[in-house]
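What follows is one structure encoded as structure tokens, with my remarks underneath.
The values are calculated or read from the model by the stated rules, or taken from the named source; none is laboratory data. Every value quoted in this text rests on a predicted model; they were computed, and no experiment measured them. Note that each Cβ is placed from the backbone with ideal geometry, even for glycine, and that neighbours are counted across all protein chains shown. These accessible areas exclude ligands, DNA and RNA; they are computed on the full protein's heavy atoms, side chains included. Shrake-Rupley method; radii C 1.70, N 1.55, O 1.52, S 1.80 Å.
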Amino acid sequence: MLLEITDLQVFYGRIQALHGVSLYVAQGEIVALIGANGAGKTTTMRAVSGLRPAAHGRIRFDGEDITKLRADLRVRRGISQAPEGRGIFPGMTVLENLDMGTYARRPGREQRQQDLERVFGLFPRLKERRMQVAGTMSGGEQQMLTIGRALMARPKLLLLDEPSMGLAPMLISQIFSIIKEINGQGVTVLVVEQNAQQSLSIADRAYILETGLIVTQGKGRDLLADPAVKAAYLGVA
Amino acid sequence: MKFLIDNFWTLTSTGLTQGAIYALIALGYTLVYGVLQLINFAHSEVFMVGSFFAMWTLNALASHEGHAGALLIIGLLVLAGIAAMIGSGITALFVEFIAYRPLRRRNAPRLVFLISAIGASIAISEAFGIFISRNILPVPQLVQPKVVLTLFGSQIYNMQVIIVAASIVMMVGLDQFIRRTRLGRGVRAVAQDQDTAALMGVNKDRVIALTFLLGGLMAGGAALLYTQQFGLTRFNVGFLLGIKAFTAAVLGGIGNLRGALLGGLVLGLAENYGSALVGSQWRDVVAFVLLIVILMFRPTGILGESLGKARA
Ligand SMILES: Nc1ncnc2c1ncn2[C@@H]1O[C@H](COP(=O)(O)OP(=O)(O)OP(=O)(O)O)[C@@H](O)[C@H]1O
Ligand SMILES: [Mg+2]
């Protein structure tokens, strides 16, 4: 098991956002975590990457307990998160943002070039814009940049928080096929999404989160066919 | 008015010299503010400690009178500069570890940091006043004053050239460090977004310590230059100078490295032109009136942006 979360509880002050979430992600999988606004998806991601402490429960990664590990050290273990929204460094250029992705592992010149080529291969737009100040890019371009930057860390586990948010419909299906492609290159992916249709169709397995609790889990395509899921998350009556 | 016009170039060169020292100290305020949104009021003492280290080094090494060779003087100045930078750097780190880090651990409200800053400032200054001396202490000036060039009829002294040149070298070095190196990118990352920086594997505490250290090194350099310009120091030498440098940082746009440079120079010039106009006893008043006027029209300072957003 690459990632294993057991009975995770997370608070914001007195507000409890997660009431005991358990889930796992196996090596090589794409796992989707879907749920309505405020269900606790981002909170789960932040707990895994270490930005939010766990009040209770355990997070194991790659065979080790990382529940108490600092966020910056989790990156070194191989967890890389593309944060929700425009989580870029607005004052840095695209290239500098991508270089930040390699901060922890300090690649050599050749390694860095190789990794850049790989990211530019997935997102040609970033190559055209590499000298642009990231804060002036469009929302969709910034979204690509956060994913590209997370890949620069060469993670074992890639955490994507709403990668399709704010993207045009054309780009949305493109982003999901890129996620598949990244997964095909050997990266395990945990993806949080509002877009249940798309994420369920690429996911090996999926969890549905409701107000801080996992209410349903199963294979991506089984959930797609589930009438209750259809009604609640796919906008089908 | 006539005095201002007659002495314009002399006032300009004095102003730039003064301004260069302000700018070096201002960098410390701006760096820490850029990363922590905190005014490190103890930075004035970081400067003061540097000036004492410069004094001790020069007293120990330059005691024998007579005309030393240029190489020896340069060597001594470099040594004293290194000593001052070490003294200031250690003081800056000390302040961060003792006065701020424990508060960050406890998520203390902003106001508490401010009080801690003022406390650290007074404590360090008074410790030097009590354990070392409350008097004005002379510092050996190694460079014999000499006019090196005459510009538009005004005389430029060697020390002025040294101060401006040394300041520029230090500032360019810092600027390049922040812009081009991996650690510098880490500093900018934490300044722009602490959470995202952590997601990149940046150790926030280490970056914060680094910014204090960098600010300290700049203040140490400024301290040596100051002692060589004025030939003295005192336990409270940082007080007014710190406020002026802080003013310069705000003037240029706090959080912005190049703003600190610009703010320092503008302040140095304005003080000199202003005191020529209305009398030198008004020098400090001119500085603060300028601050108020500029902030009225440009609340974020001349250059405005923060360390994070600035491409600098
Ligand atoms: N910083 C915070 N302070 C207080 N409460 C918070 C904070 N961040 C999130 N919450 C609360 O925690 C709960 C879960 O929030 P979270 O951001 O994890 O939801 P989400 O599933 O990611 O929603 P969305 O789809 O809108 O992004 C919500 O009720 C939210 O109001
Ligand atoms: Mg969210």
Would you be able to say whether some residue in the stretch B:217-229 is buried (at least 20 other Cβ atoms within 10 Å of the Cβ), away from chain A (no Cβ under 14 Å) and touching a strand residue (DSSP E or B) at 6+ places or on another chain (Cβ under 7 Å)? yes
Kindly indicate whether any position in the stretch B:162-184 is within 14 Å of another protein chain (Cβ to nearest Cβ), more than 27 Å from B:Val289 (Cα to Cα) and β-branched (Val, Ile, Thr). yes
For residues in the stretch A:40-90 being hydrophobic (A, V, I, L, M, F, W, C), within 14 Å of chain B (Cβ to nearest Cβ) and outside any loop (DSSP other than H, G, I, E, B), which is surrounded by the most Cβ atoms within 10 Å (Cβ to Cβ)? A:Ile79
Do the conditions hold for B:Leu210, that is, is it among the hydrophobic types (A, V, I, L, M, F, W, C), under 16 Å from the mean Cα position of the chain (by Cα) and either within 26 Å of A:Arg109 (Cα to Cα) or crowded, with 22+ Cβ neighbours inside 10 Å (or both)? no
For the stretch A:112-147, what are the residues that are of a type in the set (S, T, N, Q), surrounded by fewer than 17 Cβ atoms within 10 Å (Cβ to Cβ) and either within 15 Å of A:Asp99 (Cα to Cα) or modelled with pLDDT of 95 or more (or both)? A:Gln113, A:Gln114, A:Gln132
Please work out which one of (1) more than 30 Å from A:Ala71 (Cβ to Cβ); (2) modelled with pLDDT under 95; (3) aliphatic (A, V, I, L, M) is the condition B:Ala223 fails and give its number. (2)
Report yes if some residue within the stretch A:137-154 is away from ligand 1 (no atom under 16 Å from the Cβ), more than 29 Å from B:Arg188 (Cβ to Cβ) and out of contact with any Phe, Trp or Tyr (no Cβ under 9 Å at 6 or more places or on another chain); otherwise report no. no
Unique match (being over 30 Å from B:Phe113 (Cβ atoms), touching a helix residue (DSSP H, G or I) at 6+ places or on another chain (Cβ under 8 Å) and either open to solvent by 40 Å² or more (accessible area, probe 1.4 Å) or outside any loop (DSSP other than H, G, I, E, B) (or both)) among B:Trp9, B:Trp56: B:Trp56
Taking into account only those residues within the stretch A:156-181 that are open to solvent by less than 10 Å² (accessible area, probe 1.4 Å) and either touching a Cys at 6+ places or on another chain (Cβ under 6 Å) or more than 16 Å from ligand 1 (Cβ to nearest atom) (or both), which is nearest to A:Pro124 (Cα to Cα)? A:Ile175
What tally of residues in the stretch A:99-143 results from selecting those that are under 19 Å from A:Gln81 (Cβ atoms), among the basic types (Lys, Arg) and within 11 Å of another protein chain (Cβ to nearest Cβ)? 1
Among the residues of the stretch A:199-216, what is the count of those that are open to solvent by 50 Å² or more (accessible area, probe 1.4 Å) and within 16 Å of ligand 1 (Cβ to nearest atom)? 4
Within the stretch A:80-106, work out how many residues are of a type in the set (Gly, Ala, Ser) and within 16 Å of ligand 1 (Cβ to nearest atom). 3
Give the residue, chosen from B:Phe152, B:Phe177, B:Phe131, that is among the aromatic types (Phe, Trp, Tyr) and closer than 23 Å to B:Ser44 by Cβ. B:Phe131
From the list B:Phe239, B:Phe235, which one is touching a Ser or Thr at 6+ places or on another chain (Cβ under 8 Å) and not in a helix (DSSP H, G or I)? B:Phe235
Do we have any residue at all in the stretch B:183-194 that's surrounded by 22 or more Cβ atoms within 10 Å (Cβ to Cβ) and out of contact with any helix residue (DSSP H, G or I) (no Cβ under 7 Å at 6 or more places or on another chain)? yes
Which members of the stretch B:190-202 meet the condition of being without any contact (Cβ under 8 Å) to a residue 60 or more places away in the chain and under 18 Å from B:Gln37 (Cα atoms)? B:Gln194, B:Asp195, B:Thr196, B:Ala197, B:Ala198
If I filter the stretch B:12-21 for residues that are free of Cβ contacts under 8 Å to residues at least 40 places away in the same chain, in a helix (DSSP H, G or I) and not β-branched (Val, Ile, Thr), do I get at least one hit? no
Enumerated helices (runs of 4 or more DSSP H) restricted to the stretch B:102-208, each holding at least 3 residues that are within 27 Å of B:Leu58 (Cα to Cα): B:110-131, B:158-180
Would you be able to say whether some residue in the stretch A:7-30 is in a loop (DSSP other than H, G, I, E, B), within 16 Å of ligand 2 (Cβ to nearest atom), open to solvent by 10 Å² or more (accessible area, probe 1.4 Å) and more than 21 Å from A:Gln198 (Cβ to Cβ)? no
Could you check, for the stretch B:285-293, whether at least one of its residues is under 17 Å from B:Gly34 (Cβ atoms) and crowded, with 22+ Cβ neighbours inside 10 Å? no
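Residue-wise test of (1) under 20 Å from the mean Cα position of the chain (by Cα); (2) of a type outside the set (A, V, I, L, M); (3) away from every other protein chain (no Cβ under 14 Å).
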{"position": "B:Ile132", "(1), (2), (3)": "no, no, yes"}
{"position": "B:Gln144", "(1), (2), (3)": "no, yes, yes"}
{"position": "B:Val147", "(1), (2), (3)": "no, no, yes"}
{"position": "B:Ala197", "(1), (2), (3)": "no, no, no"}
Restricting attention to the stretch B:184-195, which residues are within 23 Å of the chain's Cα centre (by Cα) and of a type in the set (D, E, K, R)? B:Arg185, B:Arg188
